[in-house]
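Q: Below are the structure tokens for one structure; questions will follow.
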Amino acid sequence: PHEFLYKTVLSGDLKQYYEIDPKNSWIVAAAEKNLPIVVPGWEDSTTGNIFASYVIKNELKASTVKSGIEYMVWLADWYRQNSGGKGVGFFQIGGGIAGDFPICVVPMMYQDLEWHDVPFWSYFCQISDSTTSYGSYSGAVPNEKITWGKLDIHTPKYIVESD
């Protein structure tokens with residue numbers, strides 16, 4: 001779904017409706033840089049519900065937007081192409097599937113595909129509105145992600161708890 005948002009933002013059609021200066025908008029900055037965003041489980045959102053209503057009314061096809069599996073396949077290819085050199089950092093906004101799904105690309109490639117030349121994420125930063133805890137699957141503290149093969153013991157890790 002972010003690809004549609006990028007296209008809409010870059011078209012300029014919404015500029016007259018901006019409520020903030022575009023230089024302060026993360027979506028405008030991300031679209032201008034074509035920043036890769038992985039949005040699994042987007043169906044569990046207002047945008048997903050609206051999209052589903054159009055599918056039900058036969059005005060759109062569900063296949064118009066990438067499925068979670070398509071996202072993971074795309075991410076694995078993107079990661080392989082971009083993780084050399086200084087590597088790729090992981091910037092997580094929120095918890096749940098938003099964070100756990102894309103960070104799993106590294107252990108999936110290493111463990112399931114047995115690609116043992118896959119580097120770990122070069123850094124991990126999470127912005128969350130909930131407190132992380134040990135034993136929590138999606139809200140686990142960064143050090144716990146080491147045991148699942150998502151991060152290395154030496155990976156720089158940052159958490160910003162905010163509302």
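The values are calculated or read from the model by the stated rules, or taken from the named source; none is laboratory data. Bear in mind the structure is a predicted one, so any value in this text is a computation, not a measurement. Ideal geometry is used to build each Cβ from the backbone, glycine not excepted, and the neighbour counts take in all protein chains shown. Side chains are part of the model used for accessible areas, which takes the heavy atoms of the whole protein and leaves out ligands, DNA and RNA. Shrake-Rupley method; radii C 1.70, N 1.55, O 1.52, S 1.80 Å.
Q: Would you mind stating whether residue 55 is surrounded by 10 or more Cβ atoms within 10 Å (Cβ to Cβ), within 30 Å of residue 89 (Cα to Cα) and either out of contact with any Gly (no Cβ under 7 Å at 6 or more places or on another chain) or not acidic (Asp, Glu) (or both)?
A: no
Per-residue answers, yes or no, for (1) in contact with a Cys (Cβ under 6 Å, 6 or more places away or on another chain); (2) open to solvent by 40 Å² or more (accessible area, probe 1.4 Å); (3) over 19 Å from residue 158 (Cβ atoms):
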residue	(1), (2), (3)
48	no, no, yes
60	no, yes, yes
81	no, yes, yes
85	no, yes, yes
88	no, no, no
95	no, no, no
108	no, yes, yes
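Q: If you take the residues of the stretch 118-163 that are assigned to a helix (DSSP H, G or I) and surrounded by 13 or more Cβ atoms within 10 Å (Cβ to Cβ), which of them is modelled with the highest pLDDT?
A: Top of the filtered list is 146.
Q: I've got another one for you. Do you know which residues across the stretch 1-55 are under 16 Å from the mean Cα position of the chain (by Cα) and of a type in the set (D, E, K, R)?
A: 3, 33, 43, 44
Q: Testing residue 115 on (1) outside any helix (DSSP H, G or I); (2) surrounded by 14 or more Cβ atoms within 10 Å (Cβ to Cβ), one condition comes back false. Which one is that?
A: (2)
Q: Here's something else I'd like to know. Could you grab me the full set of residues in the stretch 7-41 that are open to solvent by less than 100 Å² (accessible area, probe 1.4 Å), under 18 Å from residue 78 (Cα atoms) and free of Cβ contacts under 8 Å to residues at least 60 places away in the same chain?
A: The answer is 30, 31, 35, 36, 37, 39.
Q: Right, another one. Just to be sure, is residue 68 at negative phi and touching a Pro at 6+ places or on another chain (Cβ under 6 Å)?
A: yes
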